[in-house]
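Down below is the structure, laid out as structure tokens.
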Amino acid sequence: MAQILAPTSQWQMRITKSSTTASPMTAKVWSSLLLKQNKRGPTKSSAKFRVLAVKSEGYTINRLEGLLNLDLTPFTDRIIAEYIWIGGSGVDVRSKSRTISKPVEHPSELPKWNYDGSSTGQAPGEDSEVILYPQAIFKDPFRGGNNILVICDAYTPQGEPIPTNKRARAAEIFANQKVIDEVPWYGIEQEYTLLQTDVKWPLGWPVGGYPGPQGPYYCGAGADKSFGRDISDAHYKACLYAGINISGTNGEVMPGQWEYQVGPSVGIEAGDHIWASRYILERITEQAGVVLTLDPKPIEGDWNGAGCHTNYSTKSMREEGGFEVIKKAILNLSLRHADHISAYGEGNERRLTGKHETASINTFSWGVANRGCSIRVGRETEKQGKGYLEDRRPASNMDPYIVISLLAETTLLWEPTLEAEALAAQKLALNV
């Protein structure tokens, strides 16, 4: 992420009634996307594209499309709310729909709901009820109108957060007055890989084979360099429609891999927006007949992995003299390196090898403009003496609630011993 600017005013998680005029992502958009995929040549996974594209021109599918795109607003005040939560793996997103009697502007206006936790790996069969607490709302880019997506976290019937609910602990950290006073900003760079449906091999790659070596694909254009741009662009627009603070997107170093950036976001909003954006991406790839993976190293060998670099700053870092505060934060991060690595995503050891723009998982390092370090500081931050740092360690499948709250805790609430601090400063050549 190039530069952390000012955060959006949408961090209060409200939806205004005047924001419903834009068009949803219609079925015609997906038909166009599917037709364009056909033009890229036959692959083992393209049959589904052809069938959908041909059938979508028939009378039956046109009638279905008309129903899907019905605008309910002139006929009823009721809306559809899609309740979204994180499943038992800690990476999968689940959702189900319910009718709400009227449009809402804040999650506190929504009722709690329940689901069968035994079917998501989050509760035993004999006591399977898990309660959903609405926490953030976004406009629904698939249904349009006043319909909404609702980010929820999960609790037992007694009101205790279930083990996979990492948002509750993050909310406690962000409710600490010291953290509130420092107004932490986050800019998260979510990388992901698109796979062909039947063979689970990257989009655009020959089945069972490999494309040319890395080099021409990063931010590239052309049918032999860019695979999945329609999905990336559809996701970009859908996120903007939803009210997600998405700030950019680009093709990545490995062909078939993409990145989008969310932020700057304040506090726990960063986690809500990443999870909402992941859900929308899952839905788009579902409709396009492409598989989404957040595996941090989907292809072994001389290919880049997928990360979720997290840019971070506090009020003190952004003010005059902030570079000294950044260096103190780096020192704290070095002393808790193992704690952060253990929480930064499954399979990250396959990605953090010291190659392909990563640092070794076993060694903490920092540097200015060095993408081979654990923590990177930008040239502009060094020049101005204030700004932000980039934590390059998180994997693409990290839980953003864990990462953003751990960064705040380590840099704002945790204090090392003076002896440990002195030894770390000497080792890292930090004059704090």
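The values are calculated or read from the model by the stated rules, or taken from the named source; none is laboratory data. All of these numbers come straight from a predicted model, not from anything done at the bench. Quick reminder, even Gly has a Cβ in these numbers, built from the backbone with ideal geometry, and neighbours come from all protein chains shown. Note: accessible area is taken over every heavy atom of the protein model, side chains too, but ligands, DNA and RNA are not part of it. Shrake-Rupley method; radii C 1.70, N 1.55, O 1.52, S 1.80 Å.
Which entries in Lys327/Lys427; Lys315/Lys383; Lys200/Lys225; Lys355/Lys383; Lys383/Lys427; Lys139/Lys297 show an alpha-carbon gap greater than 21 Å?
Lys355/Lys383; Lys383/Lys427; Lys139/Lys297
Counting Lys and Arg as +1 and Asp and Glu as -1, what is the net charge of the other residues whose Cβ lies under 11 Å from the Cβ of Gly263?
-2
Using only the alpha-carbon atoms, how far is helix 27-38 inclined from the longest principal axis of the chain? Give it as 0 to 90 degrees, nearest 10.
Compared with the principal axis, the helix lies near 80 degrees.
Compute the angle between helix 322-335 and the longest alpha-carbon principal axis of the chain, please, reported from 0 to 90 degrees and rounded to the nearest 10.
90 degrees
Percent of accessible area on segment 352-432 owned by carbon and sulfur, 1.4 Å probe? Mind showing how you got there, number by number?
Working: 1790 of 3670 Å².
Reported share for carbon and sulfur atoms: 49 percent.
Return the tail of the calculated pair distribution for segment 175-428, meaning the percent of Cα-Cα pairs more than 28 Å apart.
Of the Cα pairs, 34 percent sit more than 28 Å apart.
Can you sort Arg63, Arg336, Arg229, Arg98 by solvent-accessible area, 1.4 Å probe, largest first?
Of Arg63, Arg336, Arg229, Arg98, the descending order of accessible area is Arg63, Arg229, Arg98, Arg336.
Could you tell me the relative contact order of the chain? Use alpha-carbon pairs under 8 Å, at least six residues apart, and round to a whole percent.
On the way: 843 pairs, mean separation 68.4, N = 432.
Over the chain, the number comes to 16 percent.
Rounding to the nearest 20 debye, state how big the charge dipole of segment 175-428 is about its Cα centre with +1 on each Lys and Arg Cβ and -1 on each Asp and Glu Cβ.
420 debye
With a probe of 1.4 Å, find how much accessible area segment 175-428 has per residue, and write the answer as a whole number in Å².
Result: 36 Å² per residue.
Return the whole-Å distance between the Cα centroid of segment 185-233 and the Cα centroid of segment 303-355.
That distance is 26 Å.
Using the alpha-carbon atoms, what tilt in degrees (0 to 90, nearest 10) does helix 229-242 show relative to the longest principal axis of the chain?
The two axes meet at around 80 degrees.
Are there GluC sites (Glu not before Pro) in segment 69-172 that DSSP marks as loop and that have at most 14 other Cβ atoms within 10 Å, and which are they?
For GluC sites (Glu not before Pro) across segment 69-172 that sit outside H, G, I, E and B with at most 14 neighbouring Cβ atoms in 10 Å, the list reads Glu105.
Of [x] 22.6; [y] 29.8; [z] 32.3, which is the value of mean projected area of the Cα convex hull in nm² derived from the coordinates here?
Matching entry in [x] 22.6; [y] 29.8; [z] 32.3: [x].
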